[in-house]
Amino acid sequence: MNEYALLCLYWAAFYGFHSLLASLMAKKIIQKFTSFTDTNYRLFYNLFAVLSLGWVLYYQGTLPVYLLVEKTLVAQGLALVFIFSSVSVMWLAFKSYSMREFMGLKAEKTQASAQLSISGLNEWVRHPLYLGVLLGLVAVLLWEASLKNALAATVLLAYLFIGIYLEEQKLLIYFGEDYRRYQRKTKRIIPFVW
């Protein structure tokens, strides 16, 4: 198999497992056969995500660089602006969440006690972390418009539609009509656009 096709397959597998393990069904099945509590499961999920992401990034880093567009100082300057924007958006997005809970170091709120957060960046977009990821993706492509980065970006963009759909199905289960109202008034990732 071509090394670039393998890269696309690795990225697709990473995103597929990411969504599968985030699903309520997979969580229930895994908890049934293990002693994982909700907190242990979140920690397991995050460790798996970090290790598998590390593996895919390592593999991508071993591939040769075939530039699609030559590097320029303007593009690299813009890349720095986009990476700063990405980090800022991620930092602001995480301010609306409990980092200890997100990382699996503190018990997650139960479905009954969870409240829909529509403050901070969530007031402008439903998925601010995905917005941060998209800004980072633009930064990477501006810094090095290579074949391997373009392929990784293509798989990510295809996944975003699936990932958002699956995540929103779970949020509808948790928050019901409150989330439907939120969907009607707030865009997914790009304020006022999409």
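What follows draws every value from the coordinates through simple rules; no lab data is involved. It should be emphasised that the depicted structure is a prediction, and the values quoted were computed from it without experimental measurement. Note that we place each Cβ from the backbone using ideal geometry, even for glycine, and neighbour counts take in every protein chain shown.
A few comments on the model shown:
- Here the chain is assigned +1 on the Cβ of each Lys and Arg and -1 on the Cβ of each Asp and Glu. Its dipole about the Cα centre then comes out at about 540 debye.
- Sorted from longest to shortest, the spans of the Cα atoms of the stretch 95-194 along the three principal axes equal 47, 33, 23 Å.
- Ordering of 19-30, 141-152, 78-89, 62-73 by packing is 141-152, 78-89, 19-30, 62-73, highest average first (other Cβ atoms within 10 Å, averaged per residue).
- Per-residue ellipticity at 222 nm computed for the chain from its helices equals -23500 deg cm²/dmol, with DSSP H segments shorter than 4 residues left out and the rest contributing -39,500 (n - 2.57).
- Candidate cross-link partners of residue 95 among the aspartates and glutamates, defined by an alpha-carbon separation under 14 Å and a same-chain spacing of 8 or more, comprise 123.
- Peptides 163-169, 33-39, 7-13 ranked from most to least packed by the mean count of surrounding Cβ atoms within 10 Å: 7-13, 163-169, 33-39.
- Comparing Cα centroids, the stretch 3-32 and the stretch 38-79 end up 16 angstrom apart.
- Within the shell of other residues whose beta carbon sits under 15 angstrom from the beta carbon of residue 60, the net charge comes to -1, with Lys and Arg scored +1 and Asp and Glu -1.
- Bridgeable aspartates and glutamates around residue 106 (alpha carbons under 17 Å apart, same-chain partners fewer than 8 residues away excluded): 38.
- Mean projected area in nm² (Cα convex hull; one quarter of hull surface) for the chain: 12.3 nm²
- Neighbourhood net charge (14 Å Cβ-Cβ; Lys/Arg +1, Asp/Glu -1) for residue 167: +3
- Those aspartates and glutamates that a straight Cα-Cα span of less than 20 Å connects to residue 71, excepting residues fewer than 8 apart in one chain: 144
- Hz values of 3J(HN,Hα) by residue in the stretch 24-30 - Karplus curve (6.51, -1.76, 1.60), Gly and Pro given as x: 5, 5, 4, 4, 5, 5, 5
- Interchain or long-range residues, amide H under 5 Å from residue 146's placed H: 68
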